[in-house]
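Participant: Structure below; questions to follow.
The values are calculated or read from the model by the stated rules, or taken from the named source; none is laboratory data. These numbers come from a predicted model, not from an experiment. Cβ placement follows ideal geometry from the backbone for every residue including glycine, while neighbour counts extend to all protein chains displayed. Heads up: the accessible areas ignore ligands, DNA and RNA and are worked out on the full protein's heavy atoms, side chains in. Shrake-Rupley method; radii C 1.70, N 1.55, O 1.52, S 1.80 Å.
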Amino acid sequence: MLLQLCITGLVLGAFYALIAVGYTVIYGTVRLLNFAHGDMYMLGAFVGFTALMMVPGSPASILPIVAGITATVVAIAFAGFVVRVVLERIDSKNDVFSPIIAAVGISLVFQNSALHIWGTKPLAFPVQLEQDFTKPLITLAVALLMILAVDLWVSRSRFGMAMRAVGIDHNAVRLMGIRVDRVLYVTFAVFSAIAGVTGFLAGAYYGSIQFSMGFLLGLKGFTAAVLGGIGNVRGALLGGFLLGMIEAFGGGAFGTNWTDVIVFSCLIFVLLVKPTGILGETVVERM
Amino acid sequence: MTKIRLNILALSVALVAGSVSLAGAEPLKVTIGMPAPITGPSANFGDSMVKGAQIAIDQEKNMQVVLNVQDDACDAQQGVNAVNKLITDKVDIVIGFHCSGAALPSLPLLNRARIPVIVSQALHPSITEQGFPGVFRTISTTAQEAPAAVKILSDQWGAKSFALIHDNTAVQKNLLQQKVQLLKDKGGDVVYQTAITPSTTEFGVNVAKIMSLNPDAVFLVLYYPEAAQMTKQLIAAGYKGKILQCVAGVDPNFIKIAGEKVAEQTSFVTQPVTSQFAAAKPFIEAYEAKFNERPGVLAAYTYDAVNVGLAAIHTAGSTDFDKVVAALKAYSGAGVTGKIEFDAKGQLKTGVFTRLVVRNGDFVEP
């Protein structure tokens, strides 16, 4: 039972961490909570589904899978770019709440559009991972590789440096000759695509997708980001796995009907004790 | 010129035909209000309800019938909104409801508005236990289902220890409580009992618990999306005991999500489904001819409910509440789902349940 709970916690943690990374980096650069981020996960699953069904031949062979993942990356990166374009227009009005509310609105637009396009019934995902011990291993490996790549990209690359700099001071960065808007477009596109690929992975892992699948997962991904310390990639990783473990062992000990109570109580507790999250740093107010 | 003449001729024929029909007795106009889940996870049930009703309306010769469908989304709040709209639209009778959660808060409003109701698919016992004079139901209740499930679990399978999982919806919770009691009465031991969050897909925690306690049988009182996922994960983890699903698991999508191999390893306790009724053959044929698809598993119950409602209005000769209710109380007839008669509370007198399994992608008797 302990092993099974550990596996469940790790798999849940992997999905939460992948969503949390997007929340955290987007917050780190724009200082904006993009509540439409969970829907990128849902859209990724559905775009992948559609692509898999459209490519001729058995969906469970290499060509359709590559085509499915490519279509997911391209489509969801574009969706992320569009979200940024919309939020940018609202952002410029210099109001803290408008972009957050707009992001919630975009989330509902995505969710309800998916409902009308793909219907309300859960759809069986055409590609499914084998039902054996490799299933959680593959999922964990993919998640860890993606997060490691993100961490290296953000901390080591020139673009990552630009992203971090934008997070500290837009104006100073602009004066250094860096195109802030371009940095933000790329940030939204890349991290939305990561959420999209996570949705594809979830489809292959669980074997079914539904229009509402991004809502609760998005909320938990956000919780993981806050738990780990929002704005910090390693914090998102830690927060994701911590949340997964809390959910698995909490549900095991008290019953799954108490899972959400336990998870969100932990969030409140962490915020009371350490408002910046476990690995979070105090945010310096921008001038 | 010829064209104009032809048009004038056609117009005259139409006018004559119109005056002839006006000269005869005006057919009674009836508006049926149908609260059904058009959106949400149970939308496919709603879709087949509406289509089942449409077949009954197409076959009605004596009255002019209009169907007014409102989306209750299987939700209490939306159900009340849907019913308020039907009351405002002044429908003559309400036939429908797939979910008890939507039906229960709506019935007092319909009672106050003095509109007769025939519940065709919602199963919570309280629906006909509240003493509303105008509420009838043409399907068996979960109270009638619980003994059938316990019979399968305890008597047929000889299981002594059980895990019961539900999703906290009104009907499932009620069903579960009754079953726990009945299983205990039979000397059974309920070793694990919990609820899950609807619309989630990860049940590793429940699977871990079940595997460690290893009960003889697992009873999943869940709707098909979660039921299929949980069954798939249980079997993948190597669970060897029996798995029983309730009626909410009976849906072709269960097989799609779980996969045929997994679906064939579980059983379903349910009212007989549309395809099992020999008398439903003409209905199924009419449905397939009109909609080019197979009717939903419970569509025949709504088809029967509409026929009973229209027959009662026809007998009453009007849509007056008291007359229609009196006609429904006295109703006795053969529907495609069996004999339809109501007890003093408006509940279908005879409840029939059966065990189904999946073979070749279809729900069949074992």
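Participant: More than 9 Å from chain A (Cβ to nearest Cβ), part of a helix (DSSP H, G or I), at pLDDT below 95 and under 29 Å from the mean Cα position of the chain (by Cα), is that true of B:Gln229?
Facilitator: no
Participant: Pick from region A:48-63 the residues that are in a helix (DSSP H, G or I) and surrounded by fewer than 21 Cβ atoms within 10 Å (Cβ to Cβ): which of them is nearest to the chain's Cα centre (by Cα)? Can you show your working first?
Facilitator: Just the residues of region A:48-63 that are in a helix (DSSP H, G or I), to begin with: A:48-54, A:62-63.
When the remaining residues are screened for being surrounded by fewer than 21 Cβ atoms within 10 Å (Cβ to Cβ), the result is A:50, A:53-54, A:62-63.
Values: A:Thr50: 21, A:Met53: 25, A:Met54: 26, A:Ile62: 25, A:Leu63: 26 Å.
Looking at residues that are in a helix (DSSP H, G or I) and surrounded by fewer than 21 Cβ atoms within 10 Å (Cβ to Cβ), I get A:Thr50.
Participant: While we're here: Here are some residues: B:Val80, B:Val66. Which one is of a type outside the set (D, E, K, R), open to solvent by 40 Å² or more (accessible area, probe 1.4 Å) and away from chain A (no Cβ under 14 Å)?
Facilitator: Result: B:Val66 is the single residue among B:Val80, B:Val66 that is of a type outside the set (D, E, K, R), open to solvent by 40 Å² or more (accessible area, probe 1.4 Å) and away from chain A (no Cβ under 14 Å).
Participant: Here is a follow-up. Go through B:Leu213, B:Leu222, B:Leu234 for me and flag whichever is more than 7 Å from chain A (Cβ to nearest Cβ), touching a residue at least 24 places away in the same chain (Cβ under 8 Å) and either in contact with a Cys (Cβ under 8 Å, 6 or more places away or on another chain) or within 20 Å of B:Asp362 (Cβ to Cβ) (or both).
Facilitator: None of the others qualify; the one that does is B:Leu222.
Results for (1) of a type in the set (Gly, Ala, Ser); (2) open to solvent by 20 Å² or more (accessible area, probe 1.4 Å), shown as yes or no for each residue.
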{"residue": "B:Val306", "(1), (2)": "no, no"}
{"residue": "B:Leu310", "(1), (2)": "no, no"}
{"residue": "B:Asp320", "(1), (2)": "no, yes"}
{"residue": "B:Ile340", "(1), (2)": "no, no"}
{"residue": "B:Ala344", "(1), (2)": "yes, yes"}
{"residue": "B:Gln347", "(1), (2)": "no, no"}
{"residue": "B:Thr350", "(1), (2)": "no, yes"}
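Participant: Residue check, A:Gly160 against (1) open to solvent by less than 30 Å² (accessible area, probe 1.4 Å); (2) within 14 Å of chain B (Cβ to nearest Cβ), all met but one. Which one?
Facilitator: Failing condition for A:Gly160: (2).
Participant: Looking at region A:198-218, can you tell me whether even one residue there is over 29 Å from B:Ser42 (Cα atoms), surrounded by fewer than 24 Cβ atoms within 10 Å (Cβ to Cβ) and of a type outside the set (A, V, I, L, M, F, W, C)?
Facilitator: Kept after step one, since they are over 29 Å from B:Ser42 (Cα atoms), are these residues of region A:198-218: none.
No: zero hits.
Participant: Among the residues in region A:252-261, are any touching an Asp or Glu at 6+ places or on another chain (Cβ under 8 Å) and either crowded, with 18+ Cβ neighbours inside 10 Å or within 14 Å of chain B (Cβ to nearest Cβ) (or both)?
Facilitator: yes
Participant: Further question: Sort out which residues of region A:112-137 are more than 8 Å from chain B (Cβ to nearest Cβ) and touching an Asp or Glu at 6+ places or on another chain (Cβ under 9 Å), and write them in order of number.
Facilitator: Correct list: A:Ala114 only.
Participant: Just to verify a result, which residue in region B:174-202, among those that are touching a residue at least 40 places away in the same chain (Cβ under 8 Å) and within 13 Å of another protein chain (Cβ to nearest Cβ), is nearest to B:Leu153 (Cα to Cα)?
Facilitator: B:Leu176
Participant: Give region A:84-130 a look and list any residue that's outside any helix (DSSP H, G or I) and open to solvent by less than 60 Å² (accessible area, probe 1.4 Å), or say none.
Facilitator: Matches in region A:84-130: A:Gly119, A:Thr120, A:Pro122, A:Leu123, A:Ala124, A:Phe125, A:Pro126, A:Val127, A:Leu129.
Participant: Go through (1) open to solvent by less than 50 Å² (accessible area, probe 1.4 Å); (2) more than 11 Å from chain B (Cβ to nearest Cβ); (3) within 20 Å of the chain's Cα centre (by Cα); (4) closer than 30 Å to A:Met1 by Cβ and name the single condition A:Gly280 misses.
Facilitator: For A:Gly280, the exception is condition (4).
Participant: Scan region A:1-39 residue by residue and report those that are within 14 Å of chain B (Cβ to nearest Cβ), surrounded by fewer than 24 Cβ atoms within 10 Å (Cβ to Cβ) and not hydrophobic (A, V, I, L, M, F, W, C).
Facilitator: A:Gln4 - this is the single residue of region A:1-39 that is within 14 Å of chain B (Cβ to nearest Cβ), surrounded by fewer than 24 Cβ atoms within 10 Å (Cβ to Cβ) and not hydrophobic (A, V, I, L, M, F, W, C).
Participant: Does any residue in region A:247-262 that is closer than 11 Å to B:Gly204 by Cα come within less than 8 Å, Cβ to Cβ, of a residue that is open to solvent by less than 20 Å² (accessible area, probe 1.4 Å) and not in a helix (DSSP H, G or I) six or more places away or on a different chain, and which pairs are these?
Facilitator: Close Cβ pairs satisfying both conditions: A:Thr256/B:Thr194; A:Thr256/B:Ala195; A:Thr256/B:Ile196; A:Thr256/B:Phe203.
Participant: Sticking with this structure for a sec: What single numbered condition from (1) within 12 Å of chain A (Cβ to nearest Cβ); (2) surrounded by fewer than 20 Cβ atoms within 10 Å (Cβ to Cβ) fails to hold for B:Lys160?
Facilitator: Looking at each condition in turn, B:Lys160 falls short on (1).
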